[in-house]
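Engineer: Encoded as structure tokens, here's the structure I'll be asking about.
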Amino acid sequence: MQEKMHLKCHPGTNPKPFKAKIVNIEDNYLMFDNSYCFPRGGGQPGDIGTIILGELEKEFHETLPGEYIKHPIDSVDQFKIGDNIKCIIDKENRNRNAKMHTTQHIVSALANDLFGAETIGNQIGTEFTRIDLKFQDKNKFNIEDLESSFNDILSTNAPVNVYDWDRNTILSHNKMRHTNFLDRIPSSIEKLRVVEIVDIDLCPCGGTHVKNINILDDLKINRVKSKGSGKLRISY
Ligand SMILES: [Zn+2]
């Protein structure tokens, strides 16, 4: 599996252009010897951007995970294996996703701390993001408490840190959240990326995040929908 270079980049905002060589072309996907693109995963959409080959500029659609990160383009006809390209990740799109995703960490942490809710799914979007929450008692949920707690937290200027920790350190940490999925990650992967929003959240995560929560926008919940017994889907 190709090393995911975006994991080594924190903060995950304002990604730099990078050079790479095309190592494979399959269907309408270009694969490079290295890529700093975030491939779709964990509820976060993949990067979009532009691939430049000489005079040729082609937009690529949402990058997808695989043995090699897949960069989909409308037509691969003008590309061949061995070409040296330059890849420009759409910064505005990445920055929106990083902000929305970091916001999701805080909302999930607050929903847990305030209402005892577990996050069971999420879909990040540049305009709206939704989080599925599971409650013991969903009557405890209160939009105003969630929004005001979130907006209060932004003023703490909490930094966002990233660590590479082994499984034992992660599983034995008493503040660690969301470790249920660790058994789905192959045991050959010894170190995992852990994201900390200081004093707010700590969990394994491979997404892209901001450097400090003070650049996040205030939380405005625009929709709450019942998803069956004990479950709510909230959107912001
Ligand atoms: Zn994350």
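Engineer: Between K99, K19, which is among the charged types (D, E, K, R) and part of a strand (DSSP E or B)?
Structural biologist: The conditions single out K19.
Engineer: Between K58, K4, K86, which is at pLDDT below 95 and of a type in the set (K, R)?
Structural biologist: On inspection, the qualifying residue turns out to be K4.
Engineer: Also, quick follow-up: Scanning for something away from the ligand (no atom under 15 Å from the Cβ) and small (G, A, S), does the range 154-170 turn up at least one residue?
Structural biologist: yes
Engineer: Every residue in the range 181-201 that is more than 16 Å from the ligand (Cβ to nearest atom) and either at pLDDT 95 or above or under 14 Å from the mean Cα position of the chain (by Cα) (or both), please.
Structural biologist: D199, the sole residue that qualifies.
Engineer: In the range 146-155, what count of residues is obtained for those that are more than 22 Å from the chain's Cα centre (by Cα) and surrounded by 14 or more Cβ atoms within 10 Å (Cβ to Cβ)?
Structural biologist: 1
Engineer: Additional query: With N112, N95 as the choices, which residue is more than 19 Å from the chain's Cα centre (by Cα) and closer than 21 Å to L219 by Cα?
Structural biologist: Every option except N112 fails the conditions.
Engineer: Please go through the range 58-103 and give me each residue that is under 30 Å from Y236 (Cβ atoms) and among the aliphatic types (A, V, I, L, M), ordered by number.
Structural biologist: Passing the criteria: L64, I69, I88, I89, A98, M100.
Engineer: Could you go through the range 93-112 and let me know if any residue there is β-branched (V, I, T), at negative phi and outside the structural domain of G125 (by TED's automatic domain parsing).
Structural biologist: Among the residues of the range 93-112, not one is β-branched (V, I, T), at negative phi and outside the structural domain of G125 (by TED's automatic domain parsing), which makes the answer no.
Engineer: State whether the residues of the range 202-220 include one that is over 21 Å from the mean Cα position of the chain (by Cα), away from the ligand (no atom under 14 Å from the Cβ) and part of a loop (DSSP other than H, G, I, E, B).
Structural biologist: No; the residues of the range 202-220 include none that is over 21 Å from the mean Cα position of the chain (by Cα), away from the ligand (no atom under 14 Å from the Cβ) and part of a loop (DSSP other than H, G, I, E, B).
Engineer: Regarding the range 124-145, can at least one residue be identified that is touching a residue at least 60 places away in the same chain (Cβ under 8 Å) and either in a helix (DSSP H, G or I) or assigned by TED's automatic domain parsing to the domain that holds A20 (or both)?
Structural biologist: Checking the range 124-145: at least one residue is touching a residue at least 60 places away in the same chain (Cβ under 8 Å) and either in a helix (DSSP H, G or I) or assigned by TED's automatic domain parsing to the domain that holds A20 (or both).
Engineer: Regarding I48, is this residue in contact with a helix residue (DSSP H, G or I) (Cβ under 6 Å, 6 or more places away or on another chain), hydrophobic (A, V, I, L, M, F, W, C), over 28 Å from K191 (Cβ atoms) and more than 16 Å from the ligand (Cβ to nearest atom)?
Structural biologist: yes
Engineer: What pairs come out if I take residues in the range 8-31 that are within 17 Å of F79 (Cβ to Cβ) and pair them with residues that are at pLDDT below 95 and acidic (D, E) whose C-beta lies under 8 Å away, six or more apart or interchain?
Structural biologist: none
Engineer: Can you name the condition, by its number, that I69 falls short on among (1) assigned by TED's automatic domain parsing to the domain that holds N157; (2) buried (at least 22 other Cβ atoms within 10 Å of the Cβ)?
Structural biologist: (1)
Engineer: Do you know which of the residues in the range 115-138 that are among the small types (G, A, S) and within 15 Å of the chain's Cα centre (by Cα) is nearest to K225 (Cα to Cα)?
Structural biologist: Per the criteria, the residue is G121.
Engineer: As an exercise: evaluate I88 against (1) away from the ligand (no atom under 16 Å from the Cβ); (2) closer than 23 Å to K211 by Cα; (3) touching a residue at least 24 places away in the same chain (Cβ under 8 Å); (4) not in a strand (DSSP E or B) and give the number of the one condition it does not meet.
Structural biologist: (4)
The values are calculated or read from the model by the stated rules, or taken from the named source; none is laboratory data. Fair warning: this is a prediction, and the values are worked out from it, not measured in the lab. Backbone-built Cβ (ideal geometry, glycine too); neighbour counts: all protein chains shown.
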